[in-house]
1. Leaving out ligands, DNA and RNA, and with a 1.4 Å probe, what % of the accessible surface on the chain is carbon or sulfur?
2. Can you check how the C-alpha radius of gyration of the chain compares to 2.2 N^0.38 Å, as a plain ratio?
3. With a 1.4 Å probe and every protein chain left in place, work out the accessible area per residue of segment 5-90 in Å², rounded to a whole number.
4. Could you work out how far apart the two model spin labels at His72 and Glu48 are, taking each label as a point 7 Å from the Cα in the direction of the beta carbon, and quote it in nm?
5. Relative contact order for segment 5-90: what is it in percent, counting Cα pairs under 8 Å that are at least 6 residues apart?
6. Extension gain Glu89-Asp60, at 0.36 nm per residue separation less the Cα-Cα distance, in nm?
Amino acid sequence: MIVDEESVEELFTTHDLEGLIAEGAPADEYEPEMEQLIEALAQIPTGEASQSKIVAILTDIWRKDFSATEDHLEALRPGFEALADTLLEHYD
């Protein structure tokens with residue numbers, strides 16, 4: 001699944017999963033996470049992307065980059081799902 005960086009940046013800014021941008025962080029606050037997502041999505045063959053695969057990728061990224069607990073990850077799950085659904089609407 002190939003996505004463009006600009007679209008992913010817009011998604012991360014819009015969804016602002018941690019609320020960091022709303023608190024005044026710069027728009028590129030999620031850049032490392034975006035880059036990881038883009039790289040991981042590129043490994044998914046065309047036609048095989050799914051919400052569950054994208055949510056699993058985001059969960060792994062958040063677990064590593066934010067040291068997110070399972071409770072926090074569960075709270076983020078609706079946001080992960082919404083972001084995944086938007087990606088699936090426009091790509092693959």
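1. Carbon and sulfur atoms account for 48 percent of the accessible area of the chain.
2. In units of the 2.2 N^0.38 Å rule of thumb, it is 1.01.
3. Accessible surface, normalised per residue, equals 56 Å².
4. 3.2
5. 32
6. 8.2 nm
The values are calculated or read from the model by the stated rules, or taken from the named source; none is laboratory data. These numbers come from a predicted model, not from an experiment. For neighbour counting, all protein chains shown are included, and Cβ atoms are generated from backbone atoms with ideal geometry for every residue, glycine included. Protein only, heavy atoms only, side chains kept; ligands, DNA and RNA dropped before computing areas. Shrake-Rupley method; radii C 1.70, N 1.55, O 1.52, S 1.80 Å.
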